[in-house]
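The values are calculated or read from the model by the stated rules, or taken from the named source; none is laboratory data. Predicted model, so just to flag it, every value in this text is computed and none were measured. So basically every Cβ, Gly included, is an ideal-geometry build from the backbone, and we count neighbours across all protein chains shown.
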Amino acid sequence: MTTTGYPLRTAELRLAGVLVKVPRVLIAALLWLMVIEALRGVARWGVLAVVAGGTVAAVVAEPAVVRLLWWARRPSASIVVPGDLQVRVLVTRRNGAGIGQAGRRLLIVPAAWVGRADLPALLVRARLRQLVSAGRFEVAYQCFTWPWQVLGSFVVGFAHGLARLPLIGFAWRVRPVVSGVAIWQSIEADRIPAAVGIIVVIGLTYLLPWTTTHHERLIHQAVSEVTRPVAAPALRSPAARTARPPANDGRRPCTRAARGRNSSCGQWRLAAPSANCRGEGTRGSFHGRRTTGRKGTPS
């Protein structure tokens, strides 16, 4: 049996989400300012209006912005998440590796996935992930940082390809040493802004991957705790609880039943007195036949 109770975002998950978004928002803001500063005349104001207007629209008109950015539409046949009627499911023709989430109440399903037998289970798991990971202004964040995330994905892919070369891969691994030398030279040359810039860039190469990995680990842990199968306790029958294994060491068990005069608890006893060819009992047993007389000879 699998529990499907919806979890809540813990304080640790909220903090991990903030650590993921704040550095990327600052980087995106800096890049937008550089672009606006490089433009002239109407183009500058046009870019500023698009960025500011798109961010505000992502807050007040979230479904419209989601349909525009994700190229999504309503499905021809209604698709619902089992047990949750508050979330809406949209369909996109983009090829995706899984079900996407847009904000806190919208899920994006690839059109090729419509009609799959396991789609309800996938929707439930995507909804659980959405509840533990999505913040209040998730769509606004994605709208503001989306161009730079796309550019960053291309840069990261290109960097991973170059890292396969021996010299470039070695230089990337020893970047703390190289950056330390560059910072020292910048300070010696009295170029403090350059030294600060190097520190920020090298720090981001460590901070950004760690925040993503940390956030994903917490999300996976929260979803796994909810969907973890609950094992039913093993019930033993009354007969199995009261039954005792038979003794196989030749001793009589200690029970409350009445015992005979010649049987003692825990003493060795032969199974049955054996007889020889003359009909006499075998001597030497602990529980032999009754004897009379002073010397214990058979009567």
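Considering the range 99-109, and only residues there that are closer than 13 Å to Glu62 by Cβ and of a type outside the set (A, V, I, L, M, F, W, C), the residue that is surrounded by the most Cβ atoms within 10 Å (Cβ to Cβ) turns out to be Gly103. The residues of the range 82-102 that are touching a strand residue (DSSP E or B) at 6+ places or on another chain (Cβ under 7 Å) and under 18 Å from Ala121 (Cα atoms), listed by number, are Val87, Arg88, Val89, Leu90, Val91, Gly96, Ile99, Gly100, Gln101. As for the range 61-76, it holds at least one residue that is surrounded by fewer than 11 Cβ atoms within 10 Å (Cβ to Cβ) and either closer than 30 Å to Pro110 by Cβ or in contact (Cβ under 8 Å) with a residue 12 or more places away in the chain (or both). Consider Val20 carefully, then state whether it is of a type in the set (Val, Ile, Thr) and under 30 Å from Thr205 (Cβ atoms). Yes.
So, Leu31, is that one under 30 Å from Trp210 (Cβ atoms), at pLDDT 85 or above and within 30 Å of the chain's Cα centre (by Cα) or not? Spell out the reasoning first.
Working: under 30 Å from Trp210 (Cβ atoms): yes; at pLDDT 85 or above: yes; within 30 Å of the chain's Cα centre (by Cα): no.
When the stated conditions are applied, Leu31 does not pass them.
Quick one: which residue in Trp148, Trp113 is over 21 Å from Arg14 (Cα atoms) and in contact (Cβ under 8 Å) with a residue 60 or more places away in the chain? From the options Trp148, Trp113, the qualifying one is Trp148. Against the numbered list (1) on the phi < 0 side of the Ramachandran plot; (2) surrounded by fewer than 16 Cβ atoms within 10 Å (Cβ to Cβ); (3) free of Cβ contacts under 8 Å to residues at least 60 places away in the same chain, Gly41 comes up short only at (1). Residues in the range 151-207 that are aliphatic (A, V, I, L, M) and within 17 Å of Pro23 (Cβ to Cβ): Leu151, Val155, Val156, Val196, Ile198, Ile199, Val200, Val201, Ile202, Leu204, Leu207.
Residues in the range 211-221: is at least one at pLDDT 85 or above, surrounded by 14 or more Cβ atoms within 10 Å (Cβ to Cβ), touching a Pro at 6+ places or on another chain (Cβ under 8 Å) and not in a loop (DSSP other than H, G, I, E, B)? Yes, that holds for at least one residue.
Looking across the range 110-125 at every residue that is surrounded by fewer than 21 Cβ atoms within 10 Å (Cβ to Cβ) and within 22 Å of Ile219 (Cα to Cα), the one that is nearest to the chain's Cα centre (by Cα) is identified as Arg125. Taking the conditions (1) within 23 Å of Ile27 (Cα to Cα); (2) of a type outside the set (A, V, I, L, M); (3) surrounded by 14 or more Cβ atoms within 10 Å (Cβ to Cβ) in turn, Arg129 satisfies each one other than (1).
Residue pairs whose Cβ atoms lie under 6 Å apart, separated by 6 or more positions or on different chains, with the first residue in the range 184-204 and under 19 Å from Arg173 (Cα atoms) and among the small types (Gly, Ala, Ser) and the second modelled with pLDDT under 85 and assigned to a helix (DSSP H, G or I), do not occur.
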